[in-house]
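Taking it in order: structure first as structure tokens, then the write-up.
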Amino acid sequence: MGDAAADASVLSSARAWSATPSDYSSLRFLRFGPDGRAELIYGYGQTIYAVCACRWSVPAASVLRLTELAVTDGRRLGYEPSAGERDRELAYRLSEVNASFEQPLTSSPPLECRWSLELSEPPWPPGLQLPYKVPRVFYGHGEQVSPPDAESRFAGGGQSITEAEWRACADPMAMLVFITPRASGRKLLLFACAGCRRIAQLLTDPRSLEALAVVERYADGLASEEEARQAHAQATQAWKEADAKCREPRERAEQAVVASLGFAARAVVDVANEARHSDADLKARNGLTRRLTSQAHVGEAARVAAEANPQT
């Protein structure tokens, strides 16, 4: 664009800058807060490899400065960036693209992305070992949802979104990453349960539904740890039986239905496992990967079910 202040405003106005907005399995995106803090998230499938926090600024047109970079979560937690990796300047190009990205795993409308951000190199530390091709082009989305009459704001570290933005968001993975450092363990566990409730029609085994209900009660202090352990055992057995059915030969359409039930049952196992193994404080700090796993299984169940029956 050619104006540092205008470019900085564009970068911070988008809810997220995603490398692959239509790929539910890819969780590789950037977030630039108006308070000068940024998050660089790199995940794929059921694994978060790195969540990096840093300061950001645009000291001059076409120059993005990232400073104080540190790896704060993910499988690469413990990696210590070198001095040259902690403070970097990258050339960038902002382009107005007005692109629309379909959301094949949900019934949500396409993501409308007005801007693309092309960096001279990927923003993650060069020495950080990351799988797959590390992207350097991202698409900003979320600017279009900003009604003035939102009843509440979800804020943390200077960043905030409106209730309407939260309800309109089509990416539960991005929602989860946003709230993890801001919400209590109880709310995070209930968020994972809500993901499973989205696909309740696929939870055909009563043991999965009962386990989910127990976890919800456990989050509110209405179920004991022993009940949570039993719920995990029951949900695991339900999933194993569903998974065994997936291995039986059958017609392709029927196989897709069976597979979606298996993914749904596994999502409940993930959530029940989280309740069984971690106290609330630990969940709030370090449970991100497990909750992402449950949301990944939720998304995969929804995707396979939609392919099996396009009318639903």
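The values are calculated or read from the model by the stated rules, or taken from the named source; none is laboratory data. The structure presented is a predicted model; accordingly, all values stated were derived computationally and were not measured. Don't worry about glycine lacking a Cβ; one is built from the backbone with ideal geometry, like all the others, and counts go over all protein chains shown.
In the stretch 156-183, which residues are farther than 13 Å from Ala16 by Cβ, at pLDDT below 65, touching a strand residue (DSSP E or B) at 6+ places or on another chain (Cβ under 8 Å) and assigned to a strand (DSSP E or B)? Hit for the stretch 156-183 is Ser160, nothing else.
Arg266 fulfils the conditions (1) charged (D, E, K, R); (2) at pLDDT 70 or above; (3) surrounded by fewer than 24 Cβ atoms within 10 Å (Cβ to Cβ) except for a single criterion, (3). Going by what's in this entry, would Tyr24 be described as modelled with pLDDT under 90, aromatic (Phe, Trp, Tyr) and out of contact with any Gly (no Cβ under 9 Å at 6 or more places or on another chain)? For Tyr24, the condition - modelled with pLDDT under 90, aromatic (Phe, Trp, Tyr) and out of contact with any Gly (no Cβ under 9 Å at 6 or more places or on another chain) - is not met.
Taking the stretch 37-80 as the range and being surrounded by fewer than 17 Cβ atoms within 10 Å (Cβ to Cβ), β-branched (Val, Ile, Thr) and closer than 20 Å to Leu11 by Cα as the test, the residues that pass are Val63, Thr67. Using the structure shown, decide if Leu128 is more than 28 Å from Gly195 (Cβ to Cβ), modelled with pLDDT of 50 or more and among the aliphatic types (A, V, I, L, M). Yes; evaluated as a whole, the condition is true for this residue. When you check Tyr49 against the structure, is it outside any loop (DSSP other than H, G, I, E, B), closer than 20 Å to Gly140 by Cα and either aromatic (Phe, Trp, Tyr) or in contact with a Pro (Cβ under 6 Å, 6 or more places away or on another chain) (or both), yes or no? Criteria not met by Tyr49. Does Ala70 satisfy the criteria of being among the small types (Gly, Ala, Ser), touching a Leu at 6+ places or on another chain (Cβ under 8 Å), assigned by TED's automatic domain parsing to the domain that holds Ser95 and part of a strand (DSSP E or B)? Spelling it out, it is not the case that Ala70 is among the small types (Gly, Ala, Ser), touching a Leu at 6+ places or on another chain (Cβ under 8 Å), assigned by TED's automatic domain parsing to the domain that holds Ser95 and part of a strand (DSSP E or B). Checked against the criterion of being in contact (Cβ under 8 Å) with a residue 40 or more places away in the chain, in the same structural domain as Val10 (by TED's automatic domain parsing) and under 24 Å from the mean Cα position of the chain (by Cα), the stretch 82-90 has no qualifying residue.
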